[in-house]
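Quick notes on the structure that follows.
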């Protein structure tokens, strides 16, 4: 739902709320007004007819005198007057109202507005007069008045709504342009993420190629040098030519060191465990190598969940990020302890690398480029990376990545 539609709905809701509040106020005012009018009219009618009833015997039989009086009086507003003889025969009833004759307010409105006023009975000799409050004309007046006001208010609300919409349209025009630019920027970011992913895939492919070349070409050459040096050393061992034997042994030692260096570089370029996308095995191998090469920095590792088959892209992203974070710890943190935790839960993979080193300022300053690279690698797979100081001491890097088949 767009911002303009939301604002339109909000303005419409406010206008309708205003109209509903206005309608309720009018209903309450009219109901109170009708109640007061009916009470006053009924009280006047009762007093007038009560006085007439008391004086009627002076002029003759009370029922006959009162019928004549009522006929000359005609209709009394807001009251229905009837005269009944002692045997229940109605001798008189008020004539129908000529005011807005033939029209009545809707029944639901009449029920809503009807006042609470009871019938009054005046006793005579041989007859009785019943005075029934009749609010139908007052209710009809209220209905006509409210209908006119409601229609006028509805027209006002419609005009106000249209004016507000035009104003919002003019006001939001720059915002919509910004939204279009934002969509374009988002698309560019998506394209950049795809480019980053392709670059990283190319880098990993190049790492593979270099690892194969080093292993196949340089590794074989170093192996050949070692074999030749061993052969020379053995061939002169029986003689007294200690110089050539010593030189051959020295060549063998250098070649052995070079062989180990080549294998270390090959493992860094492309660890053998990554040939099968098993993140747990790759991280365990990384941990073993770390403990051998850096025994002075304690590494604790916690792996939870299924990390065995996450796909090559996700496995590589997590492995390279952890590898880079550990390298930053080694180079910049001055830490004595580093902890690594990786877990899968609720469709996401979470990994955290924490140390007890110098903290944020130095790490962010020196390792900024590495963090940018890690962040881009994680973002290319739809994840996020957080980096910052720990509450007590040290630095923390946390990544969250959606698992294959999970939702972002």
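A short reminder: the numbers here are calculations on the coordinates, not readings from a lab. Remember, it's a predicted structure, so these values are computed and weren't measured experimentally. Backbone-built Cβ (ideal geometry, glycine too); neighbour counts: all protein chains shown.
Report the FRET efficiency, 1/(1 + (r/R0)^6), for residue 32 and residue 72, where r is their Cβ-Cβ distance and R0 is 35 Å, rounded to 0.05. Working shown, then result.
Numbers: r = 34 Å, r/R0 = 0.97.
Approximately 0.55, to the nearest 0.05.
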Order of 159-165, 285-291 by packing, highest average Cβ count within 10 Å first?
-> 285-291, 159-165
So how far apart, in nm, are the two label points at residue 376 and residue 108 if each is 7 Å from Cα heading toward Cβ?
-> 6.6
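Compute the FRET efficiency between residue 16 and residue 93 as 1/(1 + (r/R0)^6), taking r as their Cβ-Cβ distance and R0 = 45 Å, and round to the nearest 0.05.
Details: r = 46 Å, r/R0 = 1.02.
Step by step, r from the Cβ atoms, then E = 0.50.
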If you stretched the chain out fully between residue 39 and residue 24, how much longer would it get, using 0.36 nm times the residue separation minus the C-alpha to C-alpha distance?
-> 3.1 nm
Projected label distance in nm at residue 309 and residue 390, using a 7 Å step from Cα toward the beta-carbon | 3.6
